[in-house]
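The values are calculated or read from the model by the stated rules, or taken from the named source; none is laboratory data. Keep in mind that this is a model prediction, so the values were computed, not measured. Because the Cβ atoms are built from the backbone with ideal geometry, glycine has one as well, and the counts that use them run over all protein chains shown.
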Amino acid sequence: MIKKIFRQAARKTKSILACSKVFAGIIRCLPSWAVNLKKIVRVELEVSSACNLSCSFCPVGNKKVPPGLMDLVTHNKIIDLLPKTIRLISYSYRGDVTLNPDFPKMIKYAHEKGFETFISTNGMLIDKYIDELVKSGLDKIYFTIDGATQDLQGKYRVGSDLEKIKSNIRLLVDARKHSLSKYPKEIAVQSVVSRYNETEIPDLVKLVEDLGVDKIIFKTLAVNVGGAYIKGKDFHENLFPENVKYRRKTNLLLCPFIEACAILHNGDISVCCTDYGAKYILGNIIRENSFENIIYGKKNRGLRKSVLLRTLGICADCPITGDLWIPEISRVFPQKKSK
Ligand code: SF4
Ligand code: SF4
C-alpha cells in the first residue's frame, strides 16, 4: 500500500515537472551527457512489422510500413545484449506480434533471462498459441476491443471479427485457470474511446467482464498514429469523442519516453515508438554488437537530448505524450481482486 502511494506520488511529481517551463529551461541548459542519467527501462521490441488487420488510422494497416519478421536467433542475441537496467520488454510496436510464429519462444527466452514481458494484440490469431503462451511466462497481455457489437468494432479495427476475438480470449482465460503457473499474470482488454463508442462504454464493460479477464482499460484516441494523418486531418479529428474528459491532453514539455526506445525487426534502434517511418535511428544492435554503446555513447547524446526536450521534427505533433489512459472509467474485475 505504502509502495503504491509512493509510486503514485512519484508519477504525479514527474508529470508536474514535465509540464513546468522552469524545469524544461533547467534541462535545456544541462550538458548533453547529463541525458544519460536517465537510463532506458523499457524497450518496444518489434518482432513483427506485419499485421492481419487494416485499422483505419494505423500506418501498418494502411500498408505504409514494410512487413518483416525478426528471427529467433536475432531475437535471442538482442535479449542477451540488453542491460539489466531494462525492466520491461513490450512486444508491441509496428505490427501484431502474433504474425511471428516464434513469438511465444521469444517471450519464454526473455522471461528466463529475467525480463518482464508484455504484448498487445488484436487477438485474432492467438488461438494458435494458447498452450505455448501459458507456459512462456508472459506477464501481461492486452487485447484490443473497441466496440460491443461487430459493427462498432469493425469501424476502427477493420477486418477484425469480434466473436473470434471473444472466443480466443475465453480460451486463454480458461487455459490460465487450468495451468499450474497462472501465467499470463494479467489478461486485460484495452479500448480506445472515440466518437464511435463513447456512448457505449457500459456495454463494453459488461461484454469484457463476461469474458473473465482481469480488467478493462480505456485509452484516449491518438489520431495521428506514427505522426501521420492517414485519412486526412479533418477525418481523423472528427473522431475525437465529444466528451472532452475522454480526450488526450498533450501538455508535456519534456518527453517521458526518454526512458524507452524501440528496436525494429532488423535490429535498428529508434529513439521513439512513434517513429513509424524509422527516421531517427541511433544504430543497429546486431551490427554494432552493443546496446549500451549505441544508447549512451557520445554520438547519440545530442539526439537523445532532443528527444527529452521534444525538439525533433516528429515531436511537434506527437500523438503520445499526454494522458494515454482514462482511469475514471477503466475497471478491475472482482476475480482479479480475489487472486
Ligand atoms: S493498430 Fe494494431 S491491429 Fe490495427 S492494423 Fe495497426 S498493428 Fe494491426
Ligand atoms: S515524437 Fe518526440 S515527444 Fe513524442 S514520444 Fe517521440 S520523442 Fe517523445
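Table for the structure above
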quantity: Odd one out for Y296 among (1) surrounded by 16 or more Cβ atoms within 10 Å (Cβ to Cβ); (2) within 16 Å of ligand 2 (Cβ to nearest atom); calculated: (2)
quantity: Verdict on S54 being at pLDDT below 95 and either over 19 Å from the mean Cα position of the chain (by Cα) or under 21 Å from A222 (Cα atoms) (or both); calculated: yes
quantity: Residue in the range 242-255 that is out of contact with any helix residue (DSSP H, G or I) (no Cβ under 6 Å at 6 or more places or on another chain) and farther than 21 Å from V193 by Cβ present; calculated: no
quantity: Residue ID - farthest from ligand 1 (Cβ to nearest atom), chosen from residues in the range 252-267 that are within 19 Å of V65 (Cα to Cα) and either crowded, with 21+ Cβ neighbours inside 10 Å or hydrophobic (A, V, I, L, M, F, W, C) (or both); calculated: C261
quantity: Candidates P59, P83, P66, filtered to the one that is farther than 25 Å from D146 by Cβ, of a type outside the set (G, A, S) and within 15 Å of ligand 1 (Cβ to nearest atom); calculated: P66
quantity: Considering residues of the range 162-194 that are assigned to a strand (DSSP E or B) and polar (S, T, N, Q) only, the residue surrounded by the most Cβ atoms within 10 Å (Cβ to Cβ); calculated: S191
quantity: Unique match (being within 9 Å of ligand 2 (Cβ to nearest atom), on the phi < 0 side of the Ramachandran plot, free of Cβ contacts under 8 Å to residues at least 24 places away in the same chain and not charged (D, E, K, R)) among A260, A316; calculated: A316
quantity: Selection status of A316, among the small types (G, A, S) and within 16 Å of ligand 1 (Cβ to nearest atom); calculated: no
quantity: Selected residue [hydroxyl-bearing (S, T, Y), under 18 Å from the mean Cα position of the chain (by Cα) and closer than 30 Å to G212 by Cα] from S330, S270; calculated: S330
quantity: Meets criteria (under 20 Å from the mean Cα position of the chain (by Cα), part of a helix (DSSP H, G or I) and either within 16 Å of ligand 1 (Cβ to nearest atom) or touching a residue at least 24 places away in the same chain (Cβ under 8 Å) (or both)) for I294; calculated: no
quantity: Residues of the range 120-161 satisfying the condition of being among the aliphatic types (A, V, I, L, M) and either surrounded by 19 or more Cβ atoms within 10 Å (Cβ to Cβ) or closer than 20 Å to W325 by Cβ (or both); calculated: M124, I126, L133, V134, L138, I141, I145, A148, L152
quantity: From V173, V213, residue being of a type in the set (A, V, I, L, M), more than 16 Å from ligand 2 (Cβ to nearest atom) and in contact with a Gly (Cβ under 7 Å, 6 or more places away or on another chain); calculated: V173
quantity: All positions within the range 310-339 that are closer than 24 Å to L45 by Cα and assigned to a helix (DSSP H, G or I); calculated: G313, I314, C315, D317
quantity: Selection status of R287, within 16 Å of ligand 2 (Cβ to nearest atom) and of a type outside the set (V, I, T); calculated: no
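So that you can scan it fast, the table gives a plain yes or no per residue for (1) buried (at least 16 other Cβ atoms within 10 Å of the Cβ); (2) part of a helix (DSSP H, G or I); (3) in contact with a Leu (Cβ under 9 Å, 6 or more places away or on another chain):
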| site | (1), (2), (3) |
| --- | --- |
| G226 | yes, yes, no |
| P241 | yes, no, yes |
| T250 | no, no, no |
| I269 | yes, no, yes |
